[in-house]
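Chemist: Here it is, the structure, as structure tokens.
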Amino acid sequence: MKSANQMTALPSWLGAGATWSLARAAIVVALAASSSARADVVTDWNATALGLTTLSAPPAELRALAITHAAMFDAVNAITRSHAPYLVQPTAPADSSADAAAASAAHGVLLWLYPGAKTPLDAALTASLGKLADGAAKDGGLALGKEVAGKYITARTGDGVDRKPDYRAGSGVGVFQPVAPGNFGSVIWADVKPFVLASAGEVTAPGPLAFDSAQYAKELDEVRRLGGRDSRERSADQTAAAIFSMIKPAQLFAPAARAAVSAKGSSVVDNARTFALMHMAATDAYIAGWAIKKQHAVWRPEAAIRQAASNPDPKWQPLLNTPDHPDYVSGHCSTSGASAQVLRMILGNDGVPFTATMGGNLTRSYQNLTQAELEIGDARVWAGIHTRTADEHGGIMGRKIGELAVQRWMKPIPKVAENEGGAVASAHGVGG
């Protein structure tokens, strides 16, 4: 893996004033597609979508991927009829191509979300359809996917992502103060419509530590020692992990999912379900996490260390710049827990070795899902931006959301899956 001082490019969404460039969109889509394992139409379009979302903030990226992959699932499942649908189950034209349906659904949703990327998206659709024989099967799948995409666009329009921020900072010891109160956009995610949960508050966390507790003092000391910009206790690999933790959740766990489903050799409908549930659960973990952040509004370690009642350090600085939202709970740990747990439950194992890339040139490799998930929790402490309890509680909450996603949604229909699934898959070209 590359060391921290070899990193020359950081995620563009971290910078202020990032704008969409059609030329850049075409480049990142091409790069993402070329680096994909290209196991099937689902993983191809996952890579394409990740290319388009490079400039999006983490929750916006998760939402885009959740809608895209859920639409792909419902489009394919309308043909296989092997699982309970998530949103819709239209009648599929006879012998429709599942690959065409999935590609068409993804294209329709992504074009709605990123209208400036029409040229690269059209090219990606042409590439997908070019692998299929011309005829009624391809045409039927194309029409089916377009219909499903339209249903999803209608369903997710007005889901709360366009609302105006309404956060009002409190005051007193331990209360988070936003750097830019008038432009505090992330708070809207507390009120965005969830995908797999009944409400943002359905899954909660135990609550933050008391600021005068011995445990809170212990955790602040850990951050002070290991998370400071000039820390002498943090190792080189811990520093590299902390910097790499700036990777967005989807950019970390999508490669894990692609590697795992490729190794398993799953069908198109199973892969569509895997990616949809993973991204929907991760999005809801972010939403649920923000509901908790808004409720408790706990200050970050930087403020706590600088203003500590005992042994304050007014000049202390974290390794990474403190994000402009509360400490409790960690959004990255919540989404990581949700993503990893969905994959564990569907795969029946802890995944396979995988490598993730941030900023185009910084890579880090993991042996399994647990290693990646746990490292994110440690790394946010080593980065100086989270207390350990905020990380651990976020991970617990995320894993619970992942469990609920798999237990509730897109469940296999036993009779079809066991007795008829093979015949249906073969008849409609699933996995081709």
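Chemist: Could you list, in sequence order, all residues of segment 164-185 that are outside any loop (DSSP other than H, G, I, E, B) and at pLDDT below 80?
Modeler: Residues satisfying the conditions are P181, G182, N183, G185.
Chemist: Is there any pair with a first residue in segment 78-95 that is within 19 Å of M280 (Cα to Cα) and a second that is among the aromatic types (F, W, Y) whose Cβ atoms are under 7 Å apart and which are 6 or more apart or on different chains, and what are they?
Modeler: Y86/F73; Y86/W409; L87/Y152
Chemist: Sort out which residues of segment 355-405 are buried (at least 24 other Cβ atoms within 10 Å of the Cβ) and outside any helix (DSSP H, G or I), and write them in order of number.
Modeler: Across segment 355-405, the qualifying residues are A383, G384, I385, H386, T387.
Chemist: Please determine, by comparing only the residues of segment 75-97 that are surrounded by fewer than 21 Cβ atoms within 10 Å (Cβ to Cβ) and more than 23 Å from V196 (Cα to Cα), which one is nearest to the chain's Cα centre (by Cα).
Modeler: This residue is T91.
Chemist: Read through the list (1) part of a helix (DSSP H, G or I); (2) touching a residue at least 40 places away in the same chain (Cβ under 8 Å), then give the number of the only condition that V161 fails.
Modeler: All conditions pass for V161, except number (1).
Chemist: Somewhere in segment 272-287, is a residue within 23 Å of R168 (Cα to Cα) and touching a strand residue (DSSP E or B) at 6+ places or on another chain (Cβ under 6 Å)?
Modeler: no
Chemist: Next question, about the same structure. Take segment 329-351 and flag every residue that is touching a Leu at 6+ places or on another chain (Cβ under 7 Å) and assigned to a loop (DSSP other than H, G, I, E, B).
Modeler: D350, G351
Chemist: Tell me which of these A149 doesn't satisfy, since it passes every other one: (1) surrounded by 14 or more Cβ atoms within 10 Å (Cβ to Cβ); (2) at pLDDT below 95; (3) in a helix (DSSP H, G or I).
Modeler: Status for A149: all satisfied but (2).
Chemist: Give the residue, chosen from A105, A100, that is surrounded by 15 or more Cβ atoms within 10 Å (Cβ to Cβ) and under 12 Å from A71 (Cα atoms).
Modeler: On the way: A100 fails: under 12 Å from A71 (Cα atoms).
None of the other options fit; the residue is A105.
Chemist: Evaluate segment 189-212: report whether one residue or more is modelled with pLDDT of 95 or more, among the polar types (S, T, N, Q) and within 19 Å of P326 (Cβ to Cβ).
Modeler: yes
Chemist: Quick check on T204: is it under 23 Å from Y286 (Cβ atoms), polar (S, T, N, Q), in contact (Cβ under 8 Å) with a residue 24 or more places away in the chain and surrounded by fewer than 16 Cβ atoms within 10 Å (Cβ to Cβ)?
Modeler: Details: under 23 Å from Y286 (Cβ atoms): yes; polar (S, T, N, Q): yes; in contact (Cβ under 8 Å) with a residue 24 or more places away in the chain: yes; surrounded by fewer than 16 Cβ atoms within 10 Å (Cβ to Cβ): yes.
Judged against the criteria, T204 is a match.
Residue-by-condition table, conditions (1) under 23 Å from N77 (Cβ atoms); (2) touching a helix residue (DSSP H, G or I) at 6+ places or on another chain (Cβ under 8 Å):
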residue	(1), (2)
T119	no, yes
A123	no, yes
A133	yes, no
G140	yes, yes
I153	yes, yes
K164	no, yes
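Chemist: Quick one: which helices (runs of 4 or more DSSP H) sit completely within segment 248-328 and have at least 3 residues that are over 25 Å from Y366 (Cα atoms) and assigned by TED's automatic domain parsing to the domain that holds L404?
Modeler: So the answer is 268-296, 301-306.
Chemist: Report, ordered by the first and then the second residue, all pairs with beta carbons closer than 8 Å, sequence separation of six or more or different chains, a first member in segment 380-401 that is without any contact (Cβ under 8 Å) to a residue 60 or more places away in the chain, and a second member that is assigned to a helix (DSSP H, G or I).
Modeler: That search, which allows pairs on different chains as well, returns E392/C333; E392/G377.
Chemist: On the given criteria, is V329 aliphatic (A, V, I, L, M), more than 20 Å from the chain's Cα centre (by Cα) and closer than 17 Å to L209 by Cβ?
Modeler: In short, no.
Chemist: Still on this structure, please answer the following. Do we find that A236 is at pLDDT 95 or above and closer than 30 Å to S97 by Cβ in this structure?
Modeler: No, not satisfied.
Chemist: Let me ask something else. What is the one condition in (1) touching a helix residue (DSSP H, G or I) at 6+ places or on another chain (Cβ under 7 Å); (2) at pLDDT 95 or above that P255 does not satisfy?
Modeler: Only one criterion in (1) touching a helix residue (DSSP H, G or I) at 6+ places or on another chain (Cβ under 7 Å); (2) at pLDDT 95 or above is unmet by P255, namely (1).
Chemist: Filter segment 261-274 down to the residues that are buried (at least 24 other Cβ atoms within 10 Å of the Cβ) and under 12 Å from L347 (Cα atoms) and list them by number.
Modeler: V261, D270, N271, R273, T274
Chemist: Separate question: Go over the candidates H296, H279, H325 one by one and state the one that is closer than 19 Å to G337 by Cβ, touching a helix residue (DSSP H, G or I) at 6+ places or on another chain (Cβ under 6 Å) and surrounded by fewer than 22 Cβ atoms within 10 Å (Cβ to Cβ).
Modeler: H325
The values are calculated or read from the model by the stated rules, or taken from the named source; none is laboratory data. All values reported here derive from a predicted model rather than from experimental measurement. When we count neighbours, we look across all protein chains shown, and the Cβ atoms used for this are built from the backbone with ideal geometry, even at glycine.
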